[in-house]
1. Would you kindly state how much longer the chain becomes between residue 156 and residue 99 on full extension, computed as 0.36 nm times their sequence separation minus their alpha carbon distance, in nm to one decimal?
2. With N set to the residue count of segment 68-199, report its C-alpha Rg divided by 2.2 N^0.38 Å to two decimal places.
3. How much length would be gained if the chain were fully extended between residue 17 and residue 68, taking 0.36 nm per residue of separation minus their Cα-Cα distance, in nm to one decimal?
């Protein structure tokens, strides 16, 4: 059996070499064939990139249409992906940090010279003080200007108190919905000004 597999690999390699040699001879004898082949390959590549970009945009559009009920049922990773698409849609440059060893930030946002460390918390309960502490550390590690905690839920009183003292901005369920609304506004319509919890 191993001998037969070895013969198959040898035959495939031989066929590839033979085909390459024939194509080389054709290109040498008939340059227009080479030009045609290269043109076809380039056109196919451009078409592939175009179709990929359309597919990617359609996927992101579907993600942006997620309801709060769907968000409440997302995994932590799916919620991070949702936020990356959401923030990118409303004008931020978005970078996802590694799944492990993220130093307290799940996303890094850039906009108007602001660099923001974001921790995403898709919780079925209120978010506690630990998230504020972690994202505050991430702000220092990534040399960010701001630190946010974004959740589909609300925050405990201790988390709110520490956020005020440390300058961490909290985006709770209500404010997340405002971001979601902004992403769905027509480009010619006026945009909302988002007021974060501890700026009120």
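A short reminder: the numbers here are calculations on the coordinates, not readings from a lab. Not measured: the values here are computed from a predicted model.
1. Length difference between fully extended and current span is 18.0 nm.
2. This ratio for segment 68-199 stands at 0.98.
3. Numbers: separation 51, 0.36 × 51 = 18.36 nm, distance 5.67 nm.
Contour length minus the Cα-Cα distance gives 12.7 nm.
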